[in-house]
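Data first, discussion second: the structure below is written as structure tokens.
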Amino acid sequence: MKTQASPPDVYQDLRDAVRALCAQFPDSYHRQIDAERAYPEAFVDALTKAGWLAALIPAEYGGSGLGLAEASVIMEEINRSGANAGACHGQMYNMGTLLRHGSDAQKQLYLPKIASGQWRLQSMGVTEPTSGTDTTRIRTTAVKRGDRYLVNGQKVWISRIQHSDWMILLARTTALAEVKNKTEGMSIFMVDLREAEKSGMTVRPIANMVNHETNELFFENLEIPADNLIGQEGQGFRYILDGLNAERTLIAAECIGDGRWFIERVTKYASERVVFGRPIGQNQGVQFPIAEAYIEVEAADLMRFKACALFDAHEPCGAEANMAKYLAAKASWEAANACIQFHGGFGFAHEYDVERKFRETRLYQVAPISTNLILSYVAEHLLGLPRSF
Ligand SMILES: Cc1cc2nc3c(=O)[nH]c(=O)nc-3n(C[C@H](O)[C@H](O)[C@H](O)COP(=O)(O)OP(=O)(O)OC[C@H]3O[C@@H](n4cnc5c(N)ncnc54)[C@H](O)[C@@H]3O)c2cc1C
């Protein structure tokens, strides 16, 4: 939106470059992919080849070594263009676990190939049907047998399995009953997905509201080489948590991109659509929800950049990352509601793309972390209120 309230920022060159690439994939491309429930192969390939998904990988491993602020601008611009970064954001942040906790040999093996796009590490398998958000109760087990681990159990909602070569898998290596602290005894592994599908892992796609490739996974004596364990056995939950601040901040940026897309669309439409002899945007009943959504997106943006600045300075940023995700998901949802409302009936027509983006942005209230769990984090960890679980 070319308004005084949204002047060019210090990332303008980066924004322009990502926008130029995204502009090659117009609304009609994303609309058709959505209608066909297909995967945006060409779009993700173009982002990969341009190096945008390797933004956070240090230069020594072939990435561009950018900060979280720049990475978040890339995600924002993808969603702002009308696309959905959910098709590829895993490739940007899943590798953080390897980078922080992998051995030198693992980093040398995986990171350059992930940076070049030769290997896709798009998937992270945490959620299970019976444990839900209470991750410490996962039932998938990995038992060491010589130089291998034997995995049994089930995961649900594991995204991009069919468009990834590798998955980071969280499994219990010590039973819950045998650990002092419930967050101990879980470990993370690199799983070669194509090998796993040949023996021990079954994939069942889940049809869902968004065009988002996500799956149920069943493990029956899946064998993983012991070398694929990342970091120390038993510390996997902590390693996953370490990666969440970057993930939450990047998702916040995607919501901000969505929010800006909705506000641009509805502002233009409300200025042009004439009913009762004047543009509908002349009515304050139409203006105010749009203005409110705009204010909320801008406020969320400040918290996003605060989280990025702390993360990039290696300072604690759990509070800011969570609050940014909360504010941005709420703001994009309010912008989505204003956008669909003031498009009237046309908001429901596929050709306007509003209903597609509306469905896509709704997901952020639930995944990758639900808003209630963020409120609970703020209440208990920041305000010191008694723990509820
Ligand atoms: C499209 C999609 C893609 C996904 N991709 C992945 C993926 O790639 N990898 C992965 O591991 N997971 C993935 N997920 C899972 C996602 O992270 C979870 O769905 C999400 O964290 C919520 O967990 P749940 O569905 O088990 O809900 P539950 O934990 O069953 O919770 C249900 C509802 O109850 C609320 N609730 C639960 N406990 C409390 C409480 N104590 N106080 C207040 N409210 C509470 C929650 O906020 C939520 O709204 C994906 C999910 C979807 C829908």
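The values are calculated or read from the model by the stated rules, or taken from the named source; none is laboratory data. Worth saying up front: this structure is predicted, and the values here are computed from it rather than measured. Neighbour counts run over all protein chains shown; Cβ positions are idealised from the backbone, glycine included. Accessible surface is based on the protein model in full, side chains and every heavy atom, while ligands, DNA and RNA are left aside. Shrake-Rupley method; radii C 1.70, N 1.55, O 1.52, S 1.80 Å.
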With all protein chains present and a 1.4 Å probe, how do ASP258, ASP192 order by accessible area, largest first?
ASP192, ASP258
Mean Cβ count within 10 Å, highest first, over the residues of peptides 30-42, 87-99
87-99, 30-42
Strictly over 30 Å apart at the Cα level, which of LYS49/LYS330; LYS268/LYS325; LYS155/LYS357; LYS49/LYS268; LYS107/LYS357; LYS198/LYS330 would you flag in this model?
LYS49/LYS330; LYS49/LYS268; LYS107/LYS357; LYS198/LYS330
Go through 293-301, 244-252 and give me the packing order, highest mean Cβ count within 10 Å leading.
244-252, 293-301
In sequence order, calculated HN-Hα J values of segment 111-119 (Karplus, 6.51, -1.76, 1.60; Hz; x Gly/Pro)
4, x, 6, 5, 4, 7, x, 4, 10
Within segment 282-386, what whole-number % of the accessible surface is contributed by carbon and sulfur, with the 1.4 Å probe and all protein chains included in the calculation?
63
Hey, what number do you get for the chain at 222 nm if only DSSP H runs of n ≥ 4 count, each worth -39500 (n - 2.57), divided across all residues, to the nearest 500?
-15000 deg cm²/dmol
Determine which aspartates and glutamates satisfy two conditions relative to LYS306: a Cα distance under 17 Å, and not lying fewer than 8 residues away in the same chain.
ASP9, GLU70, GLU76, GLU247, GLU254, GLU296, GLU298, GLU315, GLU320
Rounded to the nearest 10, the angle in degrees between the Cα long axis of helix 318-342 and the longest principal axis of the Cα atoms of the chain comes to 40
Could you tell me how far the Cα centroid of segment 343-385 sits from the Cα centroid of segment 28-53, in Å?
22
Does anyone have the angle between helix 236-272 and the longest principal axis of the chain? Alpha-carbon axes, 0 to 90°, nearest 10?
20
Output the peptides 307-313, 145-151 sorted from most to least packed, where packing is the average of other Cβ atoms within 10 Å over each peptide's residues.
307-313, 145-151
Could you check the spin-label model distance between GLU60 and GLN365? Points 7 Å from the Cα along Cα→Cβ, value in nm.
4.5
With point charges of +1 on the Cβ of Lys and Arg and -1 on the Cβ of Asp and Glu, referenced to the Cα centre of the chain, which listed residue (ASN228, PRO58, LEU176) lies farthest in the positive direction of the dipole?
LEU176
